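What follows is a short report on a single structure.
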Amino acid sequence: MRVGVYICHCGFNIAGFLDIDELVRYAESLNDVVIVRDYRFMCSNPGQELIRDDIEKLNLDRVVVAACSPNLHEATFRRVLSESGLNPFFLQIANIREQCSWVHSDKVKATEKAKRIIRSAVERVKHHTALESKRVNVIPRVLVIGGGIAGISASLLIAEAGVEVYLVEREPTIGGNMAKFDKVFPTLDCAACILTPKMTAVKENPNIKLYTNSEVVEVRGSVGNFKVKIRVKPRFIDEDACTGCMECVDSCLYYPTIPSKFDEKIGFRKPIYMPFPQAIPNTPIINPDECLYFITNKCPMYCEDVCEADAINFEQEERIEEVEVGAIVIATGYKLFDPSEISEYGYGRYKNVFTALQVERMLNSTGPTGGRIVVNGREPERVAIVHCVGSRDERYRRYCSRVCCMYSLKLAHLIKERTNAEVYNFYIDMRAFGKGYEEFYRSVLEEVKVVRGKVAEITDIPMNDDERREVERGRVIVVFEDTLLGRVERIPFDMVILSPAIEPSDGTKELARILKVSLDENGFFREIHPKLAPTVVAPGIFVCGCAQGPKDIQDSVAQAESAAGQALSMINRGFVELEPTTAYVDEEKCSGCGMCVPVCPFQAIEVVSVNGHVRARIDESLCMGCGVCAASCPSRAIRHRLFESETIRAEILSLL
Amino acid sequence: MVEVLSESYQNKFGYEGLTRCYQCGNCTAICPVSDGRFPRRLIAHLRWGRIERFDEVWLCLQCKLCDEFCPRDTNPSLAMQTLKRISVENGSVPPHIGEFLMNVYRRRNPWGHSRMKRGEWMKDLNVPTVKDCEFDWLWFVGCANSFDSRVLGVTEKIARILNELEISYAVLGRDEGCCGNDVKRIGEDGLFELLMEENFKVFKRYGVERIITHSPHCYNTFKNDYNIEVKLFLELLHDFINDGSVELKHEFKKVVTYHDSCFLGRYNNIYELPREILRSVPGLKLVEMRSNRRTSICCGGGAGNIAVGYQGKVQPSILRVKEALDVNADVLAVACPFCKIMLEEASKSVNCNLKVLDVVDIVYHSMYGEGL
Amino acid sequence: MICVIVRAVPDLVEGLEIEERDVRPYRYIANELDEYAVEHAVSLKEKYNERVEVIGIASEDAYDEIDESLYMAIAKGVDKAYKVKIPKTTSYKIADALSDFLKKFDIILTGTLAVDEFYGVLGATIADKLDIPYVGGVRSIEIEGDSVIVKKELGGGAYLVLKVKKPALFGILSLEKPPRYVPISKLRSVMRSAEIEELKVKVEEDVLDVRFLEPPKPEVEFIDGDPEEVAEKLAEIIRGLIS
């Protein structure tokens, strides 16, 4: 065999720490190695050219590249091999950056370790066999999970390209959290004015099949071929027949006493309701857990009487729909951290304390107060907005929620505009990072007070007579240190708005389990590379919006369109190349015991009868090459391409 | 004074939480005794290793209230302890703390009472000592309960209850030392180690394996610094009330509010035990003050302030008594001898009818119908 | 060069066992005012870079117990510590025994009094023996060339400022600021590393002893009985005195 070893300096990343000359000398001494070269950036064009030349002139049949993680450039170098007429799998990457130069502090020992890594790669690559990549066709349809602004944007872009989209939304309407807002920062656009046209476009686009009040319950298959089950819960009103006249809601004898989830529980609705006037589909919904017909069976059913379209249907039942798609876009969004966990802020205890979303609803002209800011029945004269509630807090959520600074400033501006109240923003660090944000911050500074300091406590217990009078007026006292003045203050406020952390939506964990993808330490979907593949979660599965991490509308939309682009690119190509590093069954050895069937996370294995014998069979288009079956097989009948026992043994022995 | 600390101060004092601090001021705002400069600004100074004016660090009572509110797990109270350590190392200790430390060093108690007289409280009581009997439990009485006339009554009541419950226990008498809990909070690690070595020697000599104590200060350091088996007298009492061995017969018709001590509460997370005991007393009505459980405020007797009294402008004991008066309590119940001493003084100084009683006082009354 | 004399005295906090002709303390400690003298000496060292030595005097019983104070003095900054065994005796004999050793120092400090020597004559006696000036009741000391400026407490808030030529002996009565704190870890490391030199002196038994002549003690009568009886008897006595 003729092995070539290529050692990359990676600028200072590797060469600044490891002794490259020593590594070259060492590699030259290894069996079957015919050429060792080092270069500043092996992944650059001249670097690639070196390998290409050598393969041609020195007739190499195996290549080892000692450089960064295979995640980054394995594909690059495989391409170099195949362009030079060598099977691309005759390559092995020795990771001497992430697993060596970056993580050690002793240069001499690290160089010794790098030698072992290179030796191991050389020994391993000699065992590599030629493999051929397989192609599977991509079903030209896309599933989008979540109908907020991210899901809507992704769906529209895909559908406008002529590709069919299944858009699944858990709530009765699409629109998500953005539909609750009145205005958006930094331009102070009317949220409804920019969102509702898009919602209508979803409804009207023939390529989008919309499932509201629905959930994804099962996903099988893999990239290009996903089989998805969607649970469609009954709405009890026929969407196609309904004209959205609202007569049914008006006629319902129930008083509006049920706290509305859409109105963040500061508004009330009936058991039959439409979350908001521009809801899509523009059809009310009946909640069977609240409706008198379902609970007592003794309802006069005025709703049915008044419906001229005969759309009310109490007999509707839950159904499961199965669809097949080539790609999936996750856009499940966020929910707010529950600030009642922070007992010293008194949320839920004091009538003066609100969350930011509740105030968004108050400010909204279609909200429960019709756009008026009301606390204890009157307009507030002094309002506190507390940033970082639960965010950047070791006790609750450690990460920065990114949008709170800006929406807190927006709320400050809107409240100032509507009520002329004295508004205080309590921040720790002001993060105005986006385009136009700093300018917005500057303009808000002119009308509100900003205090650098975290509110320590919100209390209704006075310390002196002045405070007692304020508390009797219905105010609460906010305790904080103005850290720039170094002074502890207690100021009475009519209204306190908490800007809580953004956290993954309910059910995110469950969805990750269904999709067999992983979540990050904060519970958001984990992208495969934070910089180079920020919307890719797994082959054929893409993520966008707050499901991937807290972000604002601008970034959510940009990311949604990126995810849509990824899906469209796959569909346009029409096929995906599957890694040939899959498991296969040695039928001679297989006893058909079936141990491998339940362990496969991708349901790729079944037990079939072959010439009268029971044998396991692996569907290689579903196999993702995880290796669990090979490890579990008691008779070692399942083997794994590129990870044959001999290969792994050679690799391990040369490391020791 | 500008003191530039060596870079190794973090290693030296084993304190690493500083870098997480984002200077939000929660600790300063919540601290009942802060002069506005500490803890936040001291932490900022400590982060760059430049300390101007050490003095105000001695305002800190090590009550850990700020830790409870710190969003960054910086543990400001630990930072204050670190600063105190640095001060002690440099010999710059305020006189009242110096006096406390010298008393503990020379006499093994905060007040400088005679070591010989540590066992005097039990002269007329039938209390077994380690020298004259076999025992399962060592009752570590503690300095306050051994010397201070304001809590000696509690000590005597504990002795009677232990005797009547036929607990196999003994006391060290004159051989008892100081547990060193507050010495450690002051940052006098050298003295603390000396005390700990000495106590371990005594425990070994008399074959002590398990300890009961009523003082949360002793309890805390035995449990968390000595790592020796220790039980609170109140835990024992709670068990006996539950299994019926202790009968609470006599009514105590008072409105009672319970003051969480720092060392039971925030240091050891014991909030409900004393409340459960109080609730089992017939006739007693338990109300909660504005600051309760993890947000309770200190009595002002911690970290060496018990001997001479707290020197800060704000007396937390007075704030506490006012809180008790705000909820119209007749009795402010405590479960710590230091709290009793501090709060009783505060109650007298604001001239009110609030009575400060130990939980043991109340239980004793309910058991025997006397002692109040 | 400065020398501080530190005496071991009975620890009054711990109580005494009083027998017919003897007082036996449970424990000895350094005389508090002598420790103040150490404080002053250490301050002088810091201010004028003077060498400071300390000598501990203790009887047989207290000979070990004086060590701790001497180590404490070293931890505070004293350069050298001696100790000497002197049986319980009069100030005059102590002065006589120490005078040779003390000759080389130009400033000598000690406590004005001690708990077992309330007459406050040790300092004066030594000074007399060495033929150098003595000032007692001192609160502060400063050095100015070959003189020493001291502030002597006169009581009632008044002070006397004196300029004294070196060599001289001063009896310390108080401190201007609280004593410095010695971290116990430092004290313990001093105890492990520093040494106390033992000094041998001869205490002459046959030197002349100065006697203090006490005025005759007044007669004291204790009146027993319940309050009414006591009042009755007291009234009787007062009547007798008046008439």
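Worth a mention:
- The single condition among (1) assigned to a helix (DSSP H, G or I); (2) without any contact (Cβ under 8 Å) to a residue 12 or more places away in the chain; (3) more than 14 Å from chain A (Cβ to nearest Cβ) that B:His45 does not satisfy is (3).
- Criterion (in a loop (DSSP other than H, G, I, E, B) and of a type in the set (S, T, N, Q)) met by exactly one of A:Ser401, A:Ser408: A:Ser401
Results for (1) surrounded by fewer than 20 Cβ atoms within 10 Å (Cβ to Cβ); (2) touching a Ser or Thr at 6+ places or on another chain (Cβ under 9 Å); (3) within 14 Å of chain B (Cβ to nearest Cβ); (4) at pLDDT 95 or above, shown as yes or no for each residue.
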| residue | (1), (2), (3), (4) |
| --- | --- |
| C:Gly15 | yes, yes, yes, no |
| C:Glu20 | yes, no, no, no |
| C:Ala30 | no, yes, yes, no |
| C:Asn49 | yes, no, no, no |
| C:Ala58 | no, no, no, no |
| C:Lys76 | no, no, yes, no |
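- Within the range B:48-67, considering residues that are of a type outside the set (Val, Ile, Thr) and farther than 22 Å from B:Asn305 by Cα, the one nearest to the other protein chains (Cβ to nearest Cβ): B:Glu52
- Residue list for the range A:417-464, restricted to those being touching a residue at least 60 places away in the same chain (Cβ under 8 Å) and within 11 Å of another protein chain (Cβ to nearest Cβ): A:Lys454, A:Val455, A:Ala456, A:Glu457, A:Thr459, A:Asp460
- If you filter the range A:310-344 down to residues that are at pLDDT 95 or above and within 14 Å of chain B (Cβ to nearest Cβ), you find that the one that is nearest to the chain's Cα centre (by Cα) is A:Phe337.
- Flag if B:Val93 is out of contact with any Pro (no Cβ under 6 Å at 6 or more places or on another chain), surrounded by 22 or more Cβ atoms within 10 Å (Cβ to Cβ), in a loop (DSSP other than H, G, I, E, B) and within 11 Å of chain C (Cβ to nearest Cβ): yes
- Selection count where residues are among the polar types (S, T, N, Q) and more than 19 Å from A:Asp263 (Cα to Cα), scope the range A:174-195: 1
- C:Lys85 vs. criteria of a type in the set (Lys, Arg), within 30 Å of C:Glu214 (Cβ to Cβ) and over 14 Å from the mean Cα position of the chain (by Cα): yes
- Selection from the range A:163-180 of residues that are within 14 Å of A:Lys229 (Cα to Cα) and assigned to a strand (DSSP E or B): A:Tyr166, A:Leu167, A:Val168
Quick grid of which residues meet (1) over 23 Å from C:Glu65 (Cβ atoms); (2) within 14 Å of chain B (Cβ to nearest Cβ):
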{"residue": "C:Pro87", "(1), (2)": "no, no"}
{"residue": "C:Tyr92", "(1), (2)": "yes, no"}
{"residue": "C:Thr112", "(1), (2)": "no, no"}
{"residue": "C:Ala127", "(1), (2)": "yes, no"}
{"residue": "C:Ile132", "(1), (2)": "yes, no"}
{"residue": "C:Lys151", "(1), (2)": "yes, no"}
{"residue": "C:Leu173", "(1), (2)": "yes, no"}
{"residue": "C:Pro178", "(1), (2)": "yes, yes"}
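- Strands (runs of 3 or more DSSP E) contained entirely in the range C:1-70, each with at least 3 residues that are touching a Cys at 6+ places or on another chain (Cβ under 8 Å) and either of a type outside the set (Lys, Arg) or touching a residue at least 60 places away in the same chain (Cβ under 8 Å) (or both): C:52-58
- As a summary of the residue check, C:Ser99 satisfies the conditions (1) more than 14 Å from chain B (Cβ to nearest Cβ); (2) among the small types (Gly, Ala, Ser); (3) in contact with a Leu (Cβ under 7 Å, 6 or more places away or on another chain); (4) in contact (Cβ under 8 Å) with a residue 40 or more places away in the chain except for the one numbered (4).
- Count - residues of the range C:135-178 that are surrounded by fewer than 18 Cβ atoms within 10 Å (Cβ to Cβ) and either farther than 18 Å from C:Gly120 by Cβ or not polar (S, T, N, Q) (or both): 26
- In the range A:488-509, residue farthest from the other protein chains (Cβ to nearest Cβ) [restricted to those that are part of a strand (DSSP E or B) and over 14 Å from A:Tyr424 (Cβ atoms)]: A:Pro504
- Qualifying positions in the range A:47-75 - without any contact (Cβ under 8 Å) to a residue 40 or more places away in the chain, surrounded by fewer than 15 Cβ atoms within 10 Å (Cβ to Cβ) and over 21 Å from A:Gly16 (Cα atoms): A:Glu49, A:Asp53, A:Glu56, A:Lys57, A:Ala75
- Screening the range B:178-219 for residues that are in a loop (DSSP other than H, G, I, E, B) and within 14 Å of chain C (Cβ to nearest Cβ) and picking the one that is surrounded by the most Cβ atoms within 10 Å (Cβ to Cβ) gives B:Glu188.
- Filter result (loosely packed, with under 15 Cβ neighbours inside 10 Å and farther than 18 Å from A:Met301 by Cα) within the range A:245-264: A:Thr257, A:Pro259, A:Lys261
- Residue in the range B:344-356 that is buried (at least 24 other Cβ atoms within 10 Å of the Cβ), in contact with a Gly (Cβ under 9 Å, 6 or more places away or on another chain), of a type in the set (Asp, Glu) and not assigned by TED's automatic domain parsing to the domain that holds B:Ile30 present: no
- In the condition set (1) exposed (fewer than 15 other Cβ atoms within 10 Å of the Cβ); (2) closer than 16 Å to B:Val141 by Cβ; (3) of a type in the set (Asp, Glu), B:Asp175 is compliant with all but (1).
- The single condition among (1) assigned to a helix (DSSP H, G or I); (2) surrounded by fewer than 21 Cβ atoms within 10 Å (Cβ to Cβ); (3) of a type outside the set (S, T, N, Q); (4) modelled with pLDDT of 95 or more that A:Cys193 does not satisfy is (4).
- Positions within the range A:617-648 being part of a loop (DSSP other than H, G, I, E, B), over 22 Å from A:Asn225 (Cβ atoms) and out of contact with any Phe, Trp or Tyr (no Cβ under 7 Å at 6 or more places or on another chain), in sequence order: A:Cys633, A:Pro634, A:Ser635, A:Arg636, A:Ala637, A:Phe643, A:Glu644
- Flag if A:Arg124 is in the same structural domain as A:Val63 (by TED's automatic domain parsing), of a type outside the set (A, V, I, L, M, F, W, C), buried (at least 19 other Cβ atoms within 10 Å of the Cβ) and assigned to a helix (DSSP H, G or I): yes
- No other residue among A:Pro256, A:Pro271, A:Pro275, A:Pro206 is outside the structural domain of A:Glu160 (by TED's automatic domain parsing), out of contact with any helix residue (DSSP H, G or I) (no Cβ under 6 Å at 6 or more places or on another chain) and within 30 Å of A:Val136 (Cα to Cα) apart from A:Pro206.
- Tallying residues that are farther than 14 Å from A:Ile237 by Cα and crowded, with 22+ Cβ neighbours inside 10 Å within the range A:270-310 yields 2.
- Some residue of the range A:343-353 being closer than 20 Å to A:Lys183 by Cβ and in contact (Cβ under 8 Å) with a residue 60 or more places away in the chain: no
The values are calculated or read from the model by the stated rules, or taken from the named source; none is laboratory data. Every value quoted in this text rests on a predicted model; they were computed, and no experiment measured them. Glycine gets a Cβ as well: all are built from the backbone with ideal geometry, and neighbour counts include every protein chain shown.
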